[in-house]
Amino acid sequence: KTQGTYRRPCVDRSFRAWPKIVSSGDQNKDGSLDLNEFSKYMKEHEKKLLLTFKSLDRNNDGRIDASEIQQSLAELGMDISKENALKILQSMDNDGTMTVDWNEWREHFLLCPAHNLEEIIRYWKHSSVLDIGDSLAIPDEFTEEEKNSGRWWKHLTAGAVAGAVSRTGTAPLDRMKVFMQVHSSKTNPISLGGGFKQMIVEGGLTSLWRGNGINVLKIAPETAIKFMAYEQYKKLLSSEGKTIETHKRFMAGSLAGATAQTAIYPMEVLKTRLTLRKTGQYSGMFDCAKKILRKEGVKAFYKGYVPNLVGIIPYAGIDLAVYETLKNTWLSYHPDSPNPGVLVLVACGTMSSTCGQLASYPLALVRTRMQAQASLDASDQSSMTSLMKKVVAKDGFFGLYRGILPNFMKVIPAVSISYVVYEYMKTGLGISK
């Protein structure tokens with residue numbers, strides 16, 4: 001039984017989090033806590049709470065105010081308004097002073113396993129967790145503690161494995177998207193069922209996974225380059241010791257995305273060619289690369305590069321803006337609950353990714369068509385603007401959204417698969433228990 005005046009939401013959460021409390025304090029691994037184990041857990045937990053309280057209390061007056069909460073969250077990469085900081089404060093403030101002393105802090109969190117503000121941020125990890133096949137989102141922030149302890153590479157590894165499983169699971173829909181982007185038109189309409197039937201008749205069931213190998217293979221170099229570039233761009237754009245603002249984070253993320261895409265773009269061209277190949281056309285990715293190089297030259301590996309680069313800005317910007325808006329809206333209504341739950345995370349990731357794709361899809365279609373037409377004679381090849389005009393003239397404005405249906409169909413399963421695999425990988429790599 002608990003004593004004192006715990007707020008109801010925290011009591012509810014402590015019951016939901018009881019398995020985590022048991023696993024943390026269960027020293028003899030018998031699946032339950034005896035009095036000694038429970039007492040030891042509470043003492044250790046209280047020490048951690050005190051350390052967190054002291055780190056938040058910037059002016060050492062024994063009380064935490066809204067500005068201190070705002071500043072601490074900003075340093076962990078989460079910008080919140082003064083109003084939302086006050087709401088968080090109100091959830092802990094029992095005496096109405098609009099500040100929180102040690103007793104109120106302790107009372108609020110003693111039976112809640114979240115003892116560190118960084119845990120709130122970790123629940124809201126976004127781009128490295130939710131993989132929908134397009135690596136254009138702004139990279140995640142890692143805290144100094146994560147960088148120093150080496151946990152950052154475990155997060156990236158977990159994200160890469162989750163992305164690989166997710167892309168493999170949704171590869172048939174991805175191939176259908178590319179197939180419709182390149183071959184579908186008003187004069188040659190391709191339905192979802194008709195397209196799948198056509199691909200299976202031509203190459204069998206396994207042909208639905210053409211291009212998936214290189215799509216998975218490019219995750220590792222792209223993730224590594226983007227992360228390293230992002231850290232460097234952040235240093236260039238922000239003053240030393242200061243938290244990077246959201247607009248500078250967007251700039252750093254966009255530049256990091258552009259850097260990573262420039263480095264791995266030949267793999268993007270190979271992926272499109274392998275996805276669209278007919279049976280027997282190429283024996284593998286190396287054979288494909290050799291044939292492109294011999295027949296079309298090095299330039300062919302950068303066809304569609306400009307629309308791809310331009311597409312990073314609307315995709316990453318809208319994805320980040322929508323996700324941050326949804327995240328902060330949820331937090332404003334649930335200021336005392338750090339864990340939003342799987343459904344909320346998946347819904348936020350799905351909605352932000354969908355909005356980003358809607359904005360950048362015409363550029364993605366033009367990029368794919370330019371990659372596919374690289375084998376044409378120079379006189380027959382179109383620039384980004386002329387190809388866009390041709391598509392609109394032939395198929396109307398909605399011609400720029402050919403293949404959007406299978407693209408949207410893969411978002412929810414892709415996000416769900418990547419989230420589940422990421423959680424399993426975190427446990428396997430020892431990031432979380």
**Probe 1.4 Å, protein heavy atoms only - accessible area per residue of region 175-307 in square angstrom** = 51
**Asked** Taking a 1.4 Å probe, which of THR427, THR272 shows the most accessible area, and what order do the others take after it?
**Response** THR427, THR272
**Segments 382-395, 409-422 sorted - mean Cβ within 10 Å per residue, highest first** = 409-422, 382-395
**Members of LYS197/LYS303; LYS177/LYS271; LYS43/LYS154; LYS218/LYS299 lying beyond 24 Å, as alpha-carbon distances in this model show** = LYS197/LYS303; LYS43/LYS154
**Complete:** Ranked output for segments 252-261, 323-332 by mean other Cβ atoms within 10 Å, highest leading, reads 252-261, 323-332
**Those residues of region 164-207 whose amide nitrogen sits under 20 Å from the label point placed on GLN373, 7 Å along Cα→Cβ** = 177-190
**Viscosity 0.890 mPa s, 25 °C: Kirkwood-radius Stokes-Einstein D of region 212-314 over Cα pairs, µm²/s** = 160
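The values are calculated or read from the model by the stated rules, or taken from the named source; none is laboratory data. What you are looking at is a predicted structure, and each value in this text was computed from that prediction instead of being measured. Heads up, the Cβs are rebuilt from the backbone with ideal geometry, glycines too, and the neighbour counts pull from every protein chain shown. What goes into the accessible areas is simple: the full protein's heavy atoms, side chains included, and nothing from ligands, DNA or RNA. Shrake-Rupley method; radii C 1.70, N 1.55, O 1.52, S 1.80 Å.
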